[in-house]
Amino acid sequence: MRGKTSKSSLFFIELCASIVLFLVCAGVCVGLFARAHRLSVDSAGLTVAVERATAAAESFRAARNQAEFCAVLGLKEQDGALCADYDENGLAGDGGVYRLTVDVTEEAGTMTADIRVFRGGEELYDLAVRRPGKWGA
């Protein structure tokens, strides 16, 4: 009888150790999957930010005047800068997830646009673009 009790105890200890090892491995895997998901969300946000900033830069260089530039991107003047909101798919609309701001300055015959894209107050992307001449030139 005594031999069976010790074998049962050893089996129980081995089973508990296996469960603990499994739980540790599961915890590590859950942490890795959570981090991968977060990186995926951040990457998608950066992709939208780069697309919006690039579109703004191309429009800035191609526009003949500020009204045309604003019309193409749906920009509105707010707090001395041109702003537009975009949803998670990059479509323009009020109260969107992303905010595009463009600050246009003129200096020595060159126009410069400082283009920034924000999500929740955090700057995701910044792009500076120059073009020769002035609006209408």
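The values are calculated or read from the model by the stated rules, or taken from the named source; none is laboratory data. Remember, predicted model here, so these are calculated numbers, not experimental data. Note: ideal-geometry Cβ built from the backbone for every residue, glycine included; neighbour counts use all protein chains shown.
Descriptive notes on the structure:
- Among residues of the range 77-120, those that are farther than 23 Å from residue 47 by Cα and not hydrophobic (A, V, I, L, M, F, W, C), counted: 10
- Flag if residue 35 is touching a residue at least 24 places away in the same chain (Cβ under 8 Å), in a helix (DSSP H, G or I) and basic (Lys, Arg): no
- Within the range 84-103, being surrounded by fewer than 18 Cβ atoms within 10 Å (Cβ to Cβ) and either modelled with pLDDT of 85 or more or farther than 14 Å from residue 54 by Cα (or both) holds for 85, 87, 88, 89, 91, 92, 93, 94, 95, 96, 97, 103.
- Scanning the range 70-110 for residues that are under 15 Å from residue 129 (Cα atoms) and touching a residue at least 40 places away in the same chain (Cβ under 8 Å) returns 100, 102, 104.
- When we screen 128, 113, 34 for residues that are surrounded by 13 or more Cβ atoms within 10 Å (Cβ to Cβ) and of a type outside the set (D, E, K, R), the only hit is 113.
- Pairs, first at positive phi and at pLDDT below 95 in the range 12-26, second surrounded by 10 or more Cβ atoms within 10 Å (Cβ to Cβ) and not aromatic (Phe, Trp, Tyr), C-beta under 8 Å, six or more apart: none
- Of all the criteria given as (1) closer than 21 Å to residue 130 by Cα; (2) of a type in the set (Lys, Arg); (3) under 12 Å from the mean Cα position of the chain (by Cα), the one not satisfied by residue 61 is (3).
- The condition of being surrounded by 12 or more Cβ atoms within 10 Å (Cβ to Cβ), out of contact with any Lys or Arg (no Cβ under 6 Å at 6 or more places or on another chain) and farther than 19 Å from residue 57 by Cβ does not hold for residue 121.
- Residue 73 closer than 30 Å to residue 39 by Cβ, touching a strand residue (DSSP E or B) at 6+ places or on another chain (Cβ under 8 Å) and surrounded by 12 or more Cβ atoms within 10 Å (Cβ to Cβ): yes
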